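Asks: Structure in C-alpha cells, see below.
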Amino acid sequence: MDKVFIDGLKVDAVIGVYEWEKQVRQPLVFDLEMAWDIRQAAATDDLTFALNYQAVTEYIERFVQQQHFQLLESLLERLSAGLLQEFGMPWLSIRVEKPAVVPQARAVGLKIERGVF
C-alpha cells in the first residue's frame, strides 16, 4: 500500500483544559500519513482516483476550527474517524504538536494510527 502524506499543516484551535486555553486560539501542527493505492491515479493521470490532499487539508481545517476539545486525544480520535469515513482510506497515522505549551519543550503532542494497513 502506498502512503500519501501531509507534513506541517498548521491550524489554529481552541483546545485545552485550562481556562486561559479556552479563551484563545492556539496553533496545532499536524503530520499525516494516509494509506492509498495510487496505481489507478498514476495510470490514468486522473485526480478522481487519487487521494486529494487539498480536500483532506480543508476537511482538517474545518473540523479543528469548528470543534472545541479539552484534550488532543479527543480531537485526534474524532478527527481520524471522520477522515477514514469521509475519504475511504484504509489506514492513517496522525501526529499533532501543540507548540510552546511546556516551556522546557519545543512542543508536546500525540500520534495515533487507525484502520488497517
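Asks: Got a sec to turn the phi values of the range 71-79 into Karplus ³J(HN,Hα) couplings, 6.51 cos²θ - 1.76 cosθ + 1.60 with θ = phi - 60°, whole Hz, x for Gly and Pro?
Replies: 10, 4, 4, 5, 4, 5, 4, 6, 5
Asks: Run through the range 1-76 and list the chymotrypsin sites (Phe, Trp or Tyr not before Pro) located in a DSSP loop whose Cβ has at most 12 other Cβ atoms within 10 Å. Walk me through the intermediate numbers first.
Replies: Values: sites: Phe5, Tyr18, Trp20, Phe30, Trp36, Phe49, Tyr53, Tyr59, Phe63, Phe69; in loops: Tyr18.
Filter output for the range 1-76: Tyr18.
Asks: Averaged per residue, what accessible surface does the chain expose to a 1.4 Å probe, in Å²? Don't jump to the answer; show the numbers that get you there.
Replies: Details: 7150 Å² over 117 residues.
Spelled out: the 1.4 Å probe surface of the chain, per residue, equals 61 Å².
Asks: Considering only protein heavy atoms and a probe of 1.4 Å, how much of the accessible area of the chain is carbon and sulfur, as a whole percent? Mind showing how you got there, number by number?
Replies: Numbers: 3600 of 7150 Å².
Summing carbon and sulfur atoms, their accessible area is 50 percent of the total for the chain.
Asks: Can you check what the net charge comes to around Ala42, using other residues whose Cβ is under 15 Å from the Cβ of Ala42 (Lys, Arg +1; Asp, Glu -1)?
Replies: Working: positive: Lys3, Arg39; negative: Asp2, Asp37, Asp45, Asp46.
Residues near Ala42 contribute -2 overall.
Asks: Counting only other residues whose beta carbon sits under 11 Å from that of Gly82, what net charge do I get with K and R as +1, D and E as -1? Walk me through the intermediate numbers first.
Replies: Numbers: positive: Arg62, Arg78, Arg114; negative: Glu77, Glu86.
Once all neighbours under 11 Å are counted, the net charge is +1.
Asks: Give, as ranges by residue number, the residues of the range 19-52 whose backbone N falls under 20 Å from the point 7 Å along Cα→Cβ of Gln85.
Replies: 34-35, 52
Asks: Related question: With runs of 4+ DSSP H residues as the only contributors, calculate the mean residue ellipticity of the chain at 222 nm using -39,500 (n - 2.57) per run, divided by the residue total and rounded to the nearest 500. Show your work: numbers first, answer last.
Replies: Working: 3 runs with 36 residues, N = 117.
It lands at -9500 deg cm²/dmol.
The values are calculated or read from the model by the stated rules, or taken from the named source; none is laboratory data. The model shown is predicted, which means the values in this text are computed figures rather than measured ones. So basically every Cβ, Gly included, is an ideal-geometry build from the backbone, and we count neighbours across all protein chains shown. Surface areas here come from the heavy atoms of the whole protein model, side chains and all, with no ligands, DNA or RNA. Shrake-Rupley method; radii C 1.70, N 1.55, O 1.52, S 1.80 Å.
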